[in-house]
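Here the structure comes first, spelled out in structure tokens, and everything after it is commentary.
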Amino acid sequence: CVPVKLIRVGESTMSDLNESCRIALDSYISQARSMSIYGGEAGWSSKIWTSTTLRNPVSMVFCEWRSHGRYSPVWLKSPFMEFAKAYVRHQQTRREVGSIGDSMNALRALYVGLIKVHGTADILKVDGSVQEAARQQVAEWYVAGSHKPTKIGLRLMAIYDELRNKRIHPALPHWQSPWRQMVEKHLAMDEKSVAWRREKAPSDEKLAALLEAFERAESDKDQFWASAFVLLAFAPNRGGELVDLKTDSLIDEVFTDKYGREKRRVGVQWFSEKGFGPTVKWVPRLTVSNGD
């Protein structure tokens, strides 16, 4: 009789755990449905959402992964669709970002993993086998050496953390992304990166000429273009933001630090293309500076 009793207790405990997870998931989805972002309750049924606060609108399409040139979407199936929408709403309500596309692809990889392993898209069935299947799917989608696997791997880890933290899947194995953060070409020291910098970056002579033009500029027109060239020398991918520079973009102010001391700081202000409004880049102090 004892073995039979132990089995029944175990079955009851497992049943209670499954029920608790299902309740947590239903609550998570219910909270997302009531959020005002992306149309609120009325907009929940839409399969395509568009960002609301970003300067450049971003679309969130709840479909399977599409290769380049494939325009006909295959929508995610329930019950995964409801979880995916809830996850996106929770994340974007905390902070709406344009990089949500990487999270969408992570959800798509997880969706494929569930279908391959369990034949159903139920988020409560995520386990180690599904995590491995999702990893394999990301590796198939993107070529080796691409930045995308690294980004999507981090998003997968964030999804798993959300499942654990919200008690939807408290016993989910901790998965570590196998893709390391790639070093940008402008920082890497391998031969290809060094050769790339030599080809793309201006020579010392050209930089010296640029600084001399900036120093000698007198007319408003010369000062504007010399300033624009200097800004682009520091951040060439910011060219699209220069059109939003104000006439008082240079900031030179006295502020009080956390120790109550008055200090001077200078910086440049512009409107970020990432949608975060006016951004100030402060000029860093030299280590040998006297504090001014």
Considering only residues of region 87-114 that are assigned to a helix (DSSP H, G or I) and hydroxyl-bearing (Ser, Thr, Tyr), which is nearest to Ser45 (Cα to Cα)? Tyr87
Some residue of region 176-189 being open to solvent by less than 70 Å² (accessible area, probe 1.4 Å) and within 24 Å of Tyr87 (Cα to Cα): yes
Check Ser103 against each of (1) in contact with a Lys or Arg (Cβ under 9 Å, 6 or more places away or on another chain); (2) open to solvent by 50 Å² or more (accessible area, probe 1.4 Å); (3) not hydrophobic (A, V, I, L, M, F, W, C) and name the one condition it does not meet. (2)
Could you figure out which of (1) under 16 Å from Val112 (Cβ atoms); (2) in contact with a Phe, Trp or Tyr (Cβ under 6 Å, 6 or more places away or on another chain) isn't true of Thr150? (1)
Step by step: first the residues of region 68-86, then only those that are within 21 Å of Tyr142 (Cβ to Cβ) and assigned to a loop (DSSP other than H, G, I, E, B), then the one that is modelled with the highest pLDDT. Which residue is that? Leu76
Residue selected from region 139-163 under the condition open to solvent by 70 Å² or more (accessible area, probe 1.4 Å) and part of a loop (DSSP other than H, G, I, E, B), by the criterion nearest to Ser99 (Cα to Cα): His147
When you go through (1) in contact (Cβ under 8 Å) with a residue 24 or more places away in the chain; (2) in contact with a Gly (Cβ under 9 Å, 6 or more places away or on another chain); (3) open to solvent by 60 Å² or more (accessible area, probe 1.4 Å) one by one for Gln136, which number turns out not to apply? (1)
Checking the conditions here, which among Trp65, Trp44 is touching a helix residue (DSSP H, G or I) at 6+ places or on another chain (Cβ under 8 Å), at pLDDT 95 or above, within 24 Å of Ala106 (Cα to Cα) and open to solvent by less than 70 Å² (accessible area, probe 1.4 Å)? Trp44
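The values are calculated or read from the model by the stated rules, or taken from the named source; none is laboratory data. For clarity, every value in this text was computed on a predicted model and none was experimentally measured. Positions of Cβ are backbone-derived with ideal geometry, glycine not excepted, and every protein chain shown enters the neighbour counts. These accessible areas exclude ligands, DNA and RNA; they are computed on the full protein's heavy atoms, side chains included. Shrake-Rupley method; radii C 1.70, N 1.55, O 1.52, S 1.80 Å.
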